[in-house]
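Throughout, read-outs are computed from the coordinates displayed, never taken from laboratory work. The structure displayed is predicted, hence computed values, not measured ones. Please note: Cβ atoms are built from the backbone with ideal geometry, for glycine as well, and neighbour counts cover all protein chains shown.
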């Protein structure tokens with residue numbers, strides 16, 4: 001086992017360790033009354049350094065049978081010493097045992113397990129491709145540091161300097177999870193219309209609902225999703241009503257599902273292209289849309305991951321799993337329904353039937369748990385507000401919201417802010433429905449023009465992005481699937497021009513901060529929208545590429561299908 005594989009495993013372990021530690025520590029520390037006694041940055045530092053120490057031990061014993069045992073021994077020693085040194089003086093020794101045990105498992109067992117299972121072709125790559133290896137090492141370091149930083153803020157929201165955008169009051173004090181949990185609690189109390197504004201927001205008090213969950217310093221916003229999604233927060237409320245415990249746990253769930261989906265898709269693609277996708281997956285993980293979505297706790301990130309896992313399940317002939325996952329995403333966010341159109345266009349009636357059947361079961365379960373009130377309120381109250389944009393009234397009042405809205409619906413609002421006459425919500429609605437027809441057409445084309453696994457994955461991600469842009473309000477985190485798509489397109493970037501174009505596009509989405517002057521910011525925002533739509537359309541409409549020789553089984557399958 002060479003150092004390259006150990007380093008990659010170290011990046012994975014050091015990324016996962018602080019997330020898991022805080023997810024375990026937050027409920028235990030809160031129950032023991034010791035949470036505030038142990039600083040979150042200190043625990044995060046231990047969670048990052050423990051895998052590093054174990055990686056050094058594993059590298060020292062590389063090639064020896066005792067390497068795994070020595071690594072586990074080092075992890076046990078470090079976990080025990082850290083628990084005593086940190087917990088004993090603060091009266092938190094026993095509550096800290098389970099979180100440090102989790103770090104022990106990741107460092108002492110997970111790290112060598114991952115290193116052993118990485119492909120042997122990575123050995124010696126640091127000598128063969130020094131520039132690429134050096135760039136990936138820097139990327140890995142940034143991934144670990146940024147994830148650790150965000151873990152601190154997700155564990156303790158009072159440490160605002162650790163948030164992704166610490167100077168933005170909105171992003172520091174915004175948590176979508178609060179709307180989910182508050183609406184779930186309202187439905188549990190028998191409130192039919194869970195879509196009215198919470199009383200903490202601005203507006204006439206008579207039309208608002210009282211808050212049912214203490215979200216601390218965070219803003220409590222209105223719930224916007226269809227009723228079946230409430231099954232998820234209702235399930236979470238069975239365990240605790242502490243919003244901060246739920247927030248830390250939800251961050252771990254979202255991060256885990258996104259990481260699993262990134263790697264699962266790369267493995268499913270296989271071959272050299274799959275290895276490239278796996279090595280570039282940290283770019284999708286660390287991007288601004290990804291981290292922003294996880295910090296806010298928006299379901300968008302998880303919906304994208306679950307939708308991709310659903311499509312992989314369909315390809316693996318597991319329609320029950322695929323149908324359940326995709327049905328929940330469609331009933332929660334609606335826009336993943338483009339993947340159902342994709343299945344129907346391919347005449348995969350069985351897979352589509354599983355989605356429909358699973359959706360029916362979920363709707364019946366929602367009716368049984370929530371009652372008919374939220375469904376009636378959604379159709380009579382919320383759908384008209386979504387269609388007119390009233391549900392996102394802040395969009396027309398804030399330049400920042402307009403600039404950050406990548407949806408087609410928001411384009412007339414941007415033009416109105418620039419002084420273009422005649423722009424109105426009715427034009428936005430008309431434009432959105434025309435866009436819907438285009439997106440449906442692209443879904444049908446995508447279903448008929450795909451001939452290898454990577455191109456299928458590109459089509460899925462493009463359709464998810466196109467669907468997300470149909471929503472009335474599509475903030476930056478909806479672009480996660482677009483950046484994920486870019487990591488797959490990198491496999492065919494053979495020229496320097498193509499590489500530069502991908503890098504510039506990724507940086508534009510991840511790091512570009514729009515100027516404060518609306519006369520500059522709004523046009524730039526619309527240019528970015530147009531460029532994004534062009535990229536997504538191109539990834540579907542371009543000519544088919546022959547099946548690669550690295551997957552002969554796929555080539556034989558394609559030949560048999562064309563002969564049939």
Quick calc, residue 192 & residue 128: beta-carbon distance into FRET formula, R0 51 Å, rounding 0.05, result 0.20
37 °C / 0.692 mPa s Stokes-Einstein diffusion coefficient of the stretch 255-563, Kirkwood radius on C-alpha pairs, µm²/s: 161
Would you mind computing, in nm to one decimal, how far apart the modelled labels at residue 508 and residue 350 are, each placed 7 Å from Cα along Cα→Cβ? 4.3
Output row, site residue 62, 7 Å Cα→C-beta label point, backbone N cut-off 16 Å, window the stretch 113-135, residues 113-130, 133-134
Euclidean distance of C-alpha centroids, the stretch 424-451 and the stretch 9-40, integer Å: 44
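Ordered by packing density, taken as the mean number of other Cβ atoms within 10 Å over each peptide's residues, highest first, how do 270-277, 177-184 rank?
Details: 270-277: 19.5, 177-184: 25.5.
So the peptides 270-277, 177-184, ranked by packing, come out 177-184, 270-277.
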Using every alpha carbon pair in the stretch 399-546, what percent of pairs falls into each 5 Å bin from 0 up to the bin containing the largest distance? 2, 9, 18, 21, 18, 15, 10, 5, 2, 0
Separation between Cα centres of the stretch 248-316 and the stretch 82-136, rounded to whole Å: 21
Using a 7 Å offset from the Cα along the Cα-to-Cβ direction at both residue 37 and residue 263, what is the distance between the two label points in nm, to one decimal? 3.5
Assuming R0 = 35 Å, can you tell me the calculated FRET efficiency for the pair residue 420 and residue 499, based on Cβ-Cβ distance, to the nearest 0.05? 0.40
Starting from the Kirkwood Rh over alpha-carbon pairs, what translational D in µm² s⁻¹ does the chain have by Stokes-Einstein at 25 °C and 0.890 mPa s? 98
Against the 2.2 N^0.38 Å rule of thumb, the C-alpha Rg of the stretch 188-347 sits at a ratio of 1.21
Quickly rank 29-37, 398-406, 116-124 as a protection proxy: mean count of other C-beta atoms within 10 Å, highest first. 398-406, 29-37, 116-124
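Would you kindly state how much longer the chain becomes between residue 534 and residue 360 on full extension, computed as 0.36 nm times their sequence separation minus their alpha carbon distance, in nm to one decimal? Walk me through the intermediate numbers first.
Details: separation 174, 0.36 × 174 = 62.64 nm, distance 3.56 nm.
Answer, rounded to one decimal: 59.1 nm.
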Nearest 500 deg cm²/dmol is fine: what mean residue ellipticity at 222 nm does the chain get from its DSSP H runs of n ≥ 4 alone, each adding -39,500 (n - 2.57), divided by its residue count? -21500 deg cm²/dmol
Ordering of 252-261, 375-384, 6-15 by packing [mean C-beta count within 10 Å, highest first]: 6-15, 252-261, 375-384
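Divide, for the stretch 3-162, the radius of gyration over alpha carbons by 2.2 N^0.38 Å, where N is the residue count. Working shown, then result.
Working: Rg = 16.5 Å, N = 160, 2.2 N^0.38 = 15.1 Å.
Relative to the rule-of-thumb radius for its length, the stretch 3-162 sits at 1.09.
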Within the stretch 157-197, list the residues whose amide N lies under 14 Å from a label point set 7 Å along Cα→Cβ of residue 400. 164-175
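How high is the relative contact order of the chain, in percent, with contacts defined as C-alpha pairs under 8 Å that are six or more residues apart?
Reported as a whole number, the value is 13 percent.
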